[in-house]
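What follows is one structure encoded as structure tokens, with my remarks underneath.
The values are calculated or read from the model by the stated rules, or taken from the named source; none is laboratory data. The shown structure was predicted, so the numbers you read here are calculated from the model rather than taken from an experiment. Neighbour counts run over all protein chains shown; Cβ positions are idealised from the backbone, glycine included.
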Amino acid sequence: MKSTLKKTAFALAVIGTMGACKEQLDVKNPNQPTPGSAASEIGVISLGQGTVYVNGMGTSAGIKYYDGVPGGFWTGAMGFHELMGDVVGEEAANQYGNQIGMPDLVTLDDGTKVANPSSIPTQIALIRTINVNANAGANPLFYEWAYMYNLNNGMNSVLDIASKTTFSGDAAAQATKLNTLKAWAYWWKGYAYSRIGSIYYAGIINDKVGVTNGNYVSKEKIIEEATKNFDLAVTALNVLGSGDTNYRTVLEGLIPAFNRVGKGVVPTPAMWIRNINTMKARNILVNTPAKSMTAAQWGQILTLTNAGMTASDNTFTGRSNDNADFINSLNGTIALKSTGVPTSTTYKISERLIQDFPAGDKRLSNNFTQLAAPALFNTDRGNSFNTRWQLVNKGKGQAGVVVLSNQDVGGYELYLAGTYEENELMKAEAKLYTNDIAGGLSSIDAVRTYQGAGLATLSGLTQAQALEELRKERRVALAFRSLSFYDARRWGVITDGRKGAVVIDKAGKLNTNATINYNFLDYWDVPDNELAYNPAAANSAPTKNPK
């Protein structure tokens, strides 16, 4: 029997409002899912699985408005992050993909200024124009909000139903199963609030099933709620033993079998807690401008990352299967959708990503090929995503070097949450900013070694030089993991621009000292798709970024 999502059991758990399979899901208001009874052990476990891998971040995830070009959560909603982080570019106009990552101005080597040629010439003006409910699924601000509140509210149902479910086994077994489900639900609620608070200017805290509220709170409050839920997950995990077969059995029911390979093998409770520490460190780091970070915050990050993910830890991952139940093997992730000749791919590899690989880096030579001639795209979209590079399928066979794309069924390992590399680079940054230069460089070297970069160890650098190595390493080591925009925001790149940039102009000429002024909105307004149905209450926090 093929390993597929438990659609039948999931359908029994949510029959009614949400339909019987992912193609039929139609959640008109993502803050008000009303799943039916799942008050049995298999029912609530199936609900917990379907909430994550179908409703929360699946191929079409039950979102009413879905377009085949951006795709599901991992190519559409996360694709916007990598577009704004200048890891990839896009020519297709669906959901304004060719504009949402378009900088305001590119100044070429000879001083020629190429302004954003759109009729709406700035990203901020674009967002304010298109963020209307009448745009329906064409509104790029809608997707991440809808996915994450689907995830949050599904987990509200899991918690509610689990508390009323009688589990099999003796008292100890029943307690273990309940606590495993609690850990699962609180973890994903923390994850959902983390994403909402890291991209939207305001959000809603909602722990109720089948109802919502108009009490919008600030992004800072949303991140606090993420921390609260992560801590509740830790409380549940702390009473579980790594060798408890009931813990493993429940997680094997929650995680589809095709995802339980590689780094996706069921994590022990201790591994899971370390992942939570990594995610909590991320929430501090990516939501604070680097120049505003305090010594106390760097201390928090060091404490969390020292207790964060290790190189041997398992995490939560996603894979394709024969039925493309979760992701499609050919185009189900940003990397997969960037693989091949750029004139035929949705996403184009940014020259600025390639520029950040150190000389001699095997990760570059193993995964990318330079084209004989630059690939040029719509001149009415400016010069920012012309490229000389293509991402190759399955790498070039260099032993021990990370492979960034694999279009075989089950071949690509998609990281859903924290990773060792991210944790180690956050640790490196905290060390560099607290004047432990040698320690910070050692952590950067560790990541390069882990990914098989084949580079000499770093030493003798000033703090400024070390921070530049850190900046480049985060872009390279964490490429396609939807963290690039967070970094561009906190480092001031989206406001101050990037100098010394490599750009291919519309004539195919190579520029190596261009300046790019992005001028992107740092946190998105609440989608009007939400506000139209759920207006802000009188004392709500502002739902529109004042910038």
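Tabulated data
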| item | result |
| --- | --- |
| Hits in the stretch 416-450 - residues which are part of a helix (DSSP H, G or I) and among the small types (Gly, Ala, Ser) | ALA428, ALA430, ALA438, GLY439, GLY440, SER442, SER443, ALA446 |
| Tally, over the stretch 252-264, of residues that are of a type outside the set (Asp, Glu) and either buried (at least 20 other Cβ atoms within 10 Å of the Cβ) or without any contact (Cβ under 8 Å) to a residue 24 or more places away in the chain (or both) | 8 |
| Residues located in the stretch 503-514, provided they are outside any loop (DSSP other than H, G, I, E, B), crowded, with 19+ Cβ neighbours inside 10 Å and not small (Gly, Ala, Ser) | VAL503, ILE504, ASN511 |
| Sole residue being in contact (Cβ under 8 Å) with a residue 12 or more places away in the chain, buried (at least 24 other Cβ atoms within 10 Å of the Cβ), within 16 Å of ASN539 (Cα to Cα) and among the small types (Gly, Ala, Ser), chosen from GLY197, GLY203 | GLY203 |
| Single match in TYR247, TYR201 (criterion: under 22 Å from the mean Cα position of the chain (by Cα), at pLDDT 95 or above and hydroxyl-bearing (Ser, Thr, Tyr)) | TYR201 |
| Test: residue in the stretch 478-491 that is of a type in the set (Ser, Thr, Tyr) and in a strand (DSSP E or B) | no |
| Residue satisfying condition, being of a type in the set (Asp, Glu), out of contact with any strand residue (DSSP E or B) (no Cβ under 9 Å at 6 or more places or on another chain) and under 25 Å from MET309 (Cα atoms), within set GLU429, GLU422, GLU413 | GLU429 |
| Given (1) over 26 Å from ASP505 (Cβ atoms); (2) over 18 Å from the mean Cα position of the chain (by Cα); (3) touching a residue at least 60 places away in the same chain (Cβ under 8 Å), index of the condition THR129 fails | (3) |
| One residue from LEU353, LEU336, LEU371 being modelled with pLDDT of 95 or more, surrounded by 20 or more Cβ atoms within 10 Å (Cβ to Cβ) and within 25 Å of LEU108 (Cβ to Cβ) | LEU353 |
| Unique residue being farther than 30 Å from GLY308 by Cβ, in contact with a Pro (Cβ under 6 Å, 6 or more places away or on another chain) and crowded, with 18+ Cβ neighbours inside 10 Å when the list is GLN390, GLN407 | GLN390 |
| So ASN275, is it buried (at least 16 other Cβ atoms within 10 Å of the Cβ) and closer than 21 Å to ASP487 by Cβ | yes |
